[in-house]
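Notes to accompany the following structure.
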Amino acid sequence: MHALRKNRPLRRVVLAGAATVSGLVMLLSLKPHTPPRIAADPAPAPSGGSSSSGAAGGTRAVTGETVRTRWGPVQVRVTLVDGRIADVTALARPSGNSRDREISGYAIPRLRGEALTAQSADIDTVSGATYTSDGYRRSLQSALDTAGRRTSSGR
(Lines give C-alpha, C1' and ligand atoms only; values in the text may rest on other atoms or scores of the structure.)
Protein backbone atom coordinates (compact mmCIF):
# COMPACT_ATOMS: atom_id res chain seq x y z
CA MET A 1 0.00 0.00 0.00
CA HIS A 2 1.17 3.51 -0.74
CA ALA A 3 2.47 5.54 2.21
CA LEU A 4 0.10 8.55 1.64
CA ARG A 5 -3.02 6.42 1.63
CA LYS A 6 -2.11 4.84 4.92
CA ASN A 7 -0.83 7.88 6.80
CA ARG A 8 -3.08 10.74 5.54
CA PRO A 9 -6.69 9.59 5.02
CA LEU A 10 -8.09 12.77 6.58
CA ARG A 11 -6.32 14.88 3.98
CA ARG A 12 -8.16 13.10 1.15
CA VAL A 13 -11.51 13.53 2.93
CA VAL A 14 -10.94 17.27 3.40
CA LEU A 15 -9.86 17.77 -0.22
CA ALA A 16 -12.81 15.75 -1.56
CA GLY A 17 -15.23 17.72 0.63
CA ALA A 18 -13.77 21.07 -0.45
CA ALA A 19 -13.98 20.07 -4.11
CA THR A 20 -17.62 19.00 -3.70
CA VAL A 21 -18.60 22.24 -1.96
CA SER A 22 -16.79 24.33 -4.60
CA GLY A 23 -18.55 22.47 -7.39
CA LEU A 24 -21.97 22.94 -5.78
CA VAL A 25 -21.38 26.67 -5.26
CA MET A 26 -20.36 27.13 -8.88
CA LEU A 27 -23.35 25.11 -10.10
CA LEU A 28 -25.85 27.03 -7.99
CA SER A 29 -24.43 30.41 -9.02
CA LEU A 30 -25.16 29.84 -12.71
CA LYS A 31 -27.98 31.95 -14.15
CA PRO A 32 -30.37 29.73 -16.10
CA HIS A 33 -30.96 30.73 -19.69
CA THR A 34 -34.50 31.92 -20.23
CA PRO A 35 -35.85 33.34 -23.46
CA PRO A 36 -36.41 37.11 -23.24
CA ARG A 37 -39.92 38.20 -22.41
CA ILE A 38 -41.24 41.32 -24.06
CA ALA A 39 -43.06 43.76 -21.82
CA ALA A 40 -45.76 45.15 -24.09
CA ASP A 41 -47.55 48.45 -23.86
CA PRO A 42 -51.25 47.93 -23.00
CA ALA A 43 -52.43 49.67 -26.18
CA PRO A 44 -49.75 49.58 -28.88
CA ALA A 45 -50.27 51.68 -31.99
CA PRO A 46 -49.47 50.39 -35.46
CA SER A 47 -45.76 50.54 -36.25
CA GLY A 48 -46.14 52.93 -39.16
CA GLY A 49 -48.04 55.33 -36.97
CA SER A 50 -50.51 57.84 -38.27
CA SER A 51 -49.52 60.92 -40.10
CA SER A 52 -51.62 63.96 -40.73
CA SER A 53 -50.66 66.84 -43.02
CA GLY A 54 -47.19 65.85 -44.21
CA ALA A 55 -43.88 64.84 -42.68
CA ALA A 56 -43.21 67.90 -40.54
CA GLY A 57 -46.75 68.68 -39.36
CA GLY A 58 -49.39 66.80 -37.43
CA THR A 59 -49.03 63.84 -35.10
CA ARG A 60 -47.11 60.75 -36.04
CA ALA A 61 -46.14 57.65 -34.02
CA VAL A 62 -43.18 55.64 -35.26
CA THR A 63 -41.84 52.40 -33.79
CA GLY A 64 -38.09 51.87 -33.64
CA GLU A 65 -36.32 48.61 -34.32
CA THR A 66 -36.06 45.98 -31.61
CA VAL A 67 -32.50 46.09 -30.27
CA ARG A 68 -31.21 42.87 -28.73
CA THR A 69 -29.10 43.55 -25.66
CA ARG A 70 -27.25 41.22 -23.32
CA TRP A 71 -30.18 41.25 -20.86
CA GLY A 72 -33.10 41.34 -23.30
CA PRO A 73 -34.75 43.27 -26.12
CA VAL A 74 -35.38 47.02 -26.06
CA GLN A 75 -37.84 48.75 -28.38
CA VAL A 76 -39.44 52.20 -28.27
CA ARG A 77 -42.21 54.06 -30.05
CA VAL A 78 -41.79 57.81 -30.50
CA THR A 79 -44.71 60.19 -30.94
CA LEU A 80 -43.91 63.30 -32.95
CA VAL A 81 -46.15 66.36 -32.91
CA ASP A 82 -45.30 68.99 -35.53
CA GLY A 83 -41.84 67.41 -35.89
CA ARG A 84 -41.00 67.53 -32.15
CA ILE A 85 -40.74 64.54 -29.82
CA ALA A 86 -43.89 64.61 -27.69
CA ASP A 87 -43.62 61.17 -26.11
CA VAL A 88 -41.44 58.06 -26.07
CA THR A 89 -42.98 54.76 -25.00
CA ALA A 90 -40.97 51.62 -24.23
CA LEU A 91 -42.64 48.70 -26.01
CA ALA A 92 -40.01 46.15 -24.96
CA ARG A 93 -37.53 46.19 -22.11
CA PRO A 94 -35.35 43.62 -20.35
CA SER A 95 -37.61 41.71 -17.95
CA GLY A 96 -36.19 38.19 -17.71
CA ASN A 97 -35.92 38.28 -13.91
CA SER A 98 -36.64 40.59 -10.98
CA ARG A 99 -33.26 42.36 -11.25
CA ASP A 100 -33.85 43.10 -14.97
CA ARG A 101 -37.31 44.50 -14.14
CA GLU A 102 -35.85 46.61 -11.32
CA ILE A 103 -33.14 48.11 -13.55
CA SER A 104 -35.61 48.76 -16.39
CA GLY A 105 -38.06 50.26 -13.91
CA TYR A 106 -35.69 53.05 -12.93
CA ALA A 107 -33.79 53.44 -16.22
CA ILE A 108 -36.65 53.71 -18.73
CA PRO A 109 -38.33 56.78 -17.13
CA ARG A 110 -34.96 58.56 -16.92
CA LEU A 111 -34.17 57.75 -20.55
CA ARG A 112 -37.62 58.99 -21.60
CA GLY A 113 -37.05 62.27 -19.76
CA GLU A 114 -33.62 62.67 -21.36
CA ALA A 115 -35.07 62.09 -24.84
CA LEU A 116 -37.89 64.59 -24.30
CA THR A 117 -35.43 67.20 -23.02
CA ALA A 118 -32.80 66.61 -25.72
CA GLN A 119 -35.39 66.21 -28.51
CA SER A 120 -33.05 63.62 -30.02
CA ALA A 121 -31.43 60.24 -29.42
CA ASP A 122 -28.30 61.98 -28.15
CA ILE A 123 -28.99 61.10 -24.51
CA ASP A 124 -26.86 60.13 -21.52
CA THR A 125 -26.44 56.57 -20.29
CA VAL A 126 -28.16 55.74 -17.01
CA SER A 127 -25.61 54.50 -14.50
CA GLY A 128 -26.09 50.80 -13.81
CA ALA A 129 -28.18 50.32 -16.94
CA THR A 130 -25.60 50.61 -19.71
CA TYR A 131 -27.01 47.89 -21.99
CA THR A 132 -30.60 49.09 -21.58
CA SER A 133 -29.53 52.69 -22.24
CA ASP A 134 -27.66 51.71 -25.40
CA GLY A 135 -30.61 49.67 -26.69
CA TYR A 136 -33.04 52.50 -25.90
CA ARG A 137 -30.84 55.04 -27.69
CA ARG A 138 -30.44 52.82 -30.78
CA SER A 139 -34.16 52.01 -31.01
CA LEU A 140 -35.05 55.70 -30.57
CA GLN A 141 -32.59 56.69 -33.29
CA SER A 142 -34.05 54.11 -35.70
CA ALA A 143 -37.56 55.49 -35.05
CA LEU A 144 -36.35 59.05 -35.68
CA ASP A 145 -34.58 57.89 -38.85
CA THR A 146 -37.81 56.27 -40.06
CA ALA A 147 -39.70 59.47 -39.31
CA GLY A 148 -37.15 61.48 -41.26
CA ARG A 149 -35.68 63.23 -38.21
CA ARG A 150 -31.96 62.61 -38.38
CA THR A 151 -29.96 63.42 -35.26
CA SER A 152 -26.28 63.03 -34.61
CA SER A 153 -25.67 60.48 -31.93
CA GLY A 154 -21.97 60.13 -31.28
CA ARG A 155 -22.40 57.30 -28.79
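What the table below lists for this structure:
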quantity: Restricting the range 99-122 to residues that are within 14 Å of Ala143 (Cβ to Cβ) and polar (S, T, N, Q), the residue that is surrounded by the fewest Cβ atoms within 10 Å (Cβ to Cβ); calculated: Gln119
quantity: Answer from Pro73, Pro35 - the residue that is open to solvent by 80 Å² or more (accessible area, probe 1.4 Å) and either of a type outside the set (Lys, Arg) or modelled with pLDDT of 85 or more (or both); calculated: Pro35
quantity: Residue list for the range 103-134, filter: in a loop (DSSP other than H, G, I, E, B) and touching a residue at least 24 places away in the same chain (Cβ under 8 Å); calculated: Gln119, Ser120, Ala121, Asp122, Thr125, Gly128, Ala129
quantity: Of residues in the range 131-155 being of a type in the set (S, T, N, Q) and modelled with pLDDT of 85 or more, the one most open to solvent (accessible area, probe 1.4 Å); calculated: Thr146
quantity: Test result for Thr59, modelled with pLDDT of 80 or more, open to solvent by less than 50 Å² (accessible area, probe 1.4 Å) and out of contact with any Gly (no Cβ under 6 Å at 6 or more places or on another chain); calculated: no
quantity: Failed item in (1) under 14 Å from Arg70 (Cβ atoms); (2) touching a residue at least 40 places away in the same chain (Cβ under 8 Å), with Arg99 passing the rest; calculated: (2)
quantity: Filtered residue count, the range 84-98, keeping only those that are of a type in the set (D, E, K, R) and either under 15 Å from Tyr131 (Cα atoms) or surrounded by 13 or more Cβ atoms within 10 Å (Cβ to Cβ) (or both); calculated: 2
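The values are calculated or read from the model by the stated rules, or taken from the named source; none is laboratory data. What you see is a predicted model, and the numbers here were worked out from it, not measured in a lab. Neighbour counts run over all protein chains shown; Cβ positions are idealised from the backbone, glycine included. To get the accessible areas, we keep the full protein, side chains included, count just its heavy atoms, and leave off ligands, DNA and RNA. Shrake-Rupley method; radii C 1.70, N 1.55, O 1.52, S 1.80 Å.
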